[in-house]
């Protein structure tokens, strides 16, 4: 007989569980989690930059490529970089300019950098002086400090190009593709 | 011990006929007494039997009255909703939540489900903040879809820390959950809430949490 109450209690527990599963409430709370990580992006990169020669004969070809960057680097110990690389060279075989193998020693596609500080926090260090673009390596446009945070609308960056106007170049139209890369950690 | 002699002092009684007038044919006095006692108890049972049958006599009708008030309940909330990057950098953080609910409205009533941020992200840490967006345009917003009872919230809504905003509106009068017409076929009813959080570069890196509280009401 002592087993009967225990059995009854067990039965009640078993029948109570499904009922509890149906219980609701007039309110329900959910915690929304988000992990904000380092990231970076470029937009509005000038699609085509024409290099032109102005002034005296054989003055260098110049032009400018602008863009908007967005960046967030890790608050502690983070960093970021903006680089460029010539991913498609001029048509060297056509007798015009050539980045990989300059027709004449001293011929170069070079650039200087103008990069606005991230608008919300941190600092940027634009490339120093004149840099020579390469087809084999990314070269620096800017580096970013830890906890660098741009504006929601982004911040500006620009590269001013200079291409040697070598008389050796055949007349014609020449194009190269430059790829910009921004990264954040 | 048997008492037929006393009982049969009144010789015309039925008991006497049963208990006393037949001892010579049935043998010993002891056997007589056993038979007499059995007969007596059978007689008692017969006499009381009609009393038992009277318990099944209808006593009248009773009216069972049940008043169902308007009510609404929410079910099965996940403890956490994680917003993640769906695509490109600085795209929004996004995540979806299924809200389960049951509702019953009165003939002239209605019902709604709302949401409110009852605990904001820790704004002071430099991450997202609902109450005071770090940049103009930053927001935790949501859209609603697939409400099986009532109407989805209209367009994109912005979560607030001070006011509840609609998730489901216009749960109609005389509505109820489950069982088919006139109630909904779905049981429980559901609505999908799709959240988006602006990915502002201004946010400091790190994990952030806020608490959203959903409330259902029905009249």
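No lab work stands behind these numbers, since they all come straight from the coordinates. These figures come from a predicted structure and were not determined experimentally. Virtual Cβ from ideal backbone geometry, glycine too; neighbours counted across all protein chains shown.
Would you calculate the separation in nanometres between label points at residue B:118 and residue A:23, each defined as 7 Å from the Cα along the Cα-to-beta-carbon direction?
Roughly 1.6 nm, to one decimal.
Treating the angle as unsigned and between 0 and 90°, give the value, to the nearest 10°, between the Cα long axis of helix A:3-21 and the longest Cα principal axis of chain A.
Roughly 40 degrees between the two axes.
Relative contact order for chain A: what percent, with Cα pairs under 8 Å and sequence separation of 6 or more?
31
If you take all C-alpha pairs in the stretch B:71-218, what percent of them are over 28 Å apart?
Of all Cα-Cα distances in the stretch B:71-218, 25 percent exceed 28 Å.
Report, in whole Å, the centroid distance computed from the Cα atoms of the stretch B:68-138 and the stretch A:118-148.
Using only Cα atoms, the two centres lie 40 Å from each other.
Roughly how many nanometres apart are two label points built 7 Å out from the Cα toward the Cβ at residue A:35 and residue B:187?
The modelled label-to-label distance comes out at 4.2 nm.
As a check on your grasp of the helix formula, calculate [θ] at 222 nm for chain A: sum -39500 (n - 2.57) over DSSP H runs of n ≥ 4, divide by the residue count, round to the nearest 500.
Details: 1 runs with 19 residues, N = 185.
Calculated at 222 nm, the ellipticity per residue is -3500 deg cm²/dmol.
Of A:169, B:93, how do they rank once you tally other Cβ atoms within 10 Å and put the fewest first?
In order of increasing Cβ crowding within 10 Å: A:169, B:93.
Taking 0.36 nm per residue of separation and subtracting the Cα-Cα distance, what length does fully extending residue A:183 through residue A:76 add? List each step's numbers first, then the result.
Values: separation 107, 0.36 × 107 = 38.52 nm, distance 1.61 nm.
Full extension of this stretch gives 36.9 nm more.
Give the order of B:192, B:84, B:216, A:173 when sorted by the count of other beta carbons within 10 angstrom, beginning with the fewest. Before the final figure, lay out each step's value.
Values: B:192 16, B:84 10, B:216 27, A:173 7.
If I rank by nearby Cβ atoms, fewest first, I get A:173, B:84, B:192, B:216.
Taking neighbour Cβ counts within 10 Å as the exposure measure, how do B:97, B:212 sort from fewest upward?
Details: B:97 20, B:212 23.
In increasing order of surrounding Cβ atoms, one gets B:97, B:212.
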